[in-house]
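The values are calculated or read from the model by the stated rules, or taken from the named source; none is laboratory data. Being a predicted model, the structure only gives us computed values, none of them experimental. Glycine gets a Cβ as well: all are built from the backbone with ideal geometry, and neighbour counts include every protein chain shown. The protein model used for the area step is the full one, side chains on, heavy atoms only, and it has no ligands, DNA or RNA in it. Shrake-Rupley method; radii C 1.70, N 1.55, O 1.52, S 1.80 Å.
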Amino acid sequence: MTFQKEILSEVLRDLERTRAVHEAELLARRQEAYERAPRIRQIDAELQSTAASVIRSALESGEDPAAAIAALRERNLTLQEERRRILQSLSLPGDYLSIRYDCPACSDQGYLGSRPCECLKARYVKKLTEQLSTVLPIQDQNFEAFRLDYYPETPDGRIGMSPRACMEMNFNKCKRYAEGFTRSSGNLLLYGSAGLGKTFLSTSIAKVVSERGFSVAYDTAINILASYETAKFGGGDLGEAKAAIRRCEAADLLIMDDLGTELRTAFTTSVFYHLLNTRLMSHRPMIINTNLLPDSYEEKYSPAIASRLLGEFAPLRFLGEDIRQRKRREAPRF
């Protein structure tokens, strides 16, 4: 797993706060135990002080420290057993004065040596998903909630199959893409009229890919290209614009929604080509959603962009009736 620096730093800060909470809880438990049984304080003080003094004494006298260490171990075990019995007499568990980590494997450090612990990976994936949920309705738009019954079963003369059969194929392809996503996956081009589920299925992909630990940048073409304009000409939050550009260029998966709705200028066309080419050259997967049909790409953008969209992306055509309009018609009227 490759970690996104900003999110990893946030996870490590969370782990540091978690350790601080557990240490404070241990301090409170220790104070309670000391007040109820002062002998426990004496035992802890002895456990902390005896090791260095016993070994130092053995070394100064020229004796073999192994015997001193063995005696120290035996004494410590005796003290620990006495402390355990006292705690139990107070109706407290024997490990009441041991620190309690969320992850005993790494003691809430996040790493086992130089290897990321599973708890760090889980926290990282959770952060990725939370970050995505702030911009996408992933709780409502996911593969489990997708409904094929919105699509007609009557064959469409343009492709010789029904919109429902076509969308079932698209659904299965998108689901397989998400579940098998890697940093070397291919690119998808979802195209068709508005309201046919392109955003829904790309959001579903984003949810699954993010939950599997990959970084996902998802935004509209308007917002993405506007970030480049701000970075070039000013007129907005320069820091946020540069951060958005980094996300779009570096994310494991970039999903650009509503291509074709942006104001097309020589600059935006140039920027779109740059982003497209940058990700293709670095083999970073993309998903593009658009209402535009393939035969219009060259006219609306450029031959170079059309060549890349038609040659480097697997096309998924969306057919049917605008689902948003259908839902409005079928909504109960009061």
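Data table
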| item | result |
| --- | --- |
| Breaking point among (1) of a type outside the set (Val, Ile, Thr); (2) without any contact (Cβ under 8 Å) to a residue 12 or more places away in the chain; (3) part of a strand (DSSP E or B), for ARG176 | (3) |
| Qualifying positions in the range 81-132 - open to solvent by less than 30 Å² (accessible area, probe 1.4 Å), at pLDDT below 90 and not hydroxyl-bearing (Ser, Thr, Tyr) | VAL125, LEU128, LEU132 |
| Residue list for the range 84-98, filter: polar (S, T, N, Q) and part of a loop (DSSP other than H, G, I, E, B) | SER91, SER98 |
| Test: residue in the range 133-150 that is farther than 24 Å from LEU253 by Cβ, touching a helix residue (DSSP H, G or I) at 6+ places or on another chain (Cβ under 6 Å) and among the charged types (D, E, K, R) | no |
| Flag for LEU190 being closer than 27 Å to GLU6 by Cβ and modelled with pLDDT of 90 or more | no |
| Restricting the range 163-181 to residues that are of a type outside the set (A, V, I, L, M, F, W, C) and surrounded by 20 or more Cβ atoms within 10 Å (Cβ to Cβ), the residue that is farthest from the chain's Cα centre (by Cα) | PRO163 |
| Search result, residues across the range 132-152 that are under 20 Å from the mean Cα position of the chain (by Cα) and assigned to a loop (DSSP other than H, G, I, E, B) | THR134, VAL135, LEU136, PRO137, ILE138, GLN139, ASP140, GLN141, ASN142 |
| Flag for THR50 being of a type in the set (S, T, N, Q), assigned to a loop (DSSP other than H, G, I, E, B), out of contact with any Gly (no Cβ under 7 Å at 6 or more places or on another chain) and modelled with pLDDT under 90 | no |
| Qualifying positions in the range 69-80 - without any contact (Cβ under 8 Å) to a residue 12 or more places away in the chain and either open to solvent by 60 Å² or more (accessible area, probe 1.4 Å) or in contact with a Lys or Arg (Cβ under 8 Å, 6 or more places away or on another chain) (or both) | ARG73, GLU74, LEU77, THR78 |
| Test: residue in the range 182-194 that is open to solvent by 20 Å² or more (accessible area, probe 1.4 Å) and in a helix (DSSP H, G or I) | no |
| Failed item, numbered, when ALA217 is tested on (1) touching a residue at least 60 places away in the same chain (Cβ under 8 Å); (2) of a type in the set (Gly, Ala, Ser); (3) under 30 Å from LYS327 (Cβ atoms) | (1) |
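Yes/no per residue for (1) within 14 Å of VAL216 (Cα to Cα); (2) in contact (Cβ under 8 Å) with a residue 12 or more places away in the chain; (3) among the hydrophobic types (A, V, I, L, M, F, W, C); (4) assigned to a helix (DSSP H, G or I):
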{"residue": "ARG100", "(1), (2), (3), (4)": "no, yes, no, no"}
{"residue": "CYS106", "(1), (2), (3), (4)": "no, yes, yes, no"}
{"residue": "LEU120", "(1), (2), (3), (4)": "no, yes, yes, yes"}
{"residue": "TYR124", "(1), (2), (3), (4)": "yes, yes, no, yes"}
{"residue": "GLU130", "(1), (2), (3), (4)": "yes, no, no, yes"}
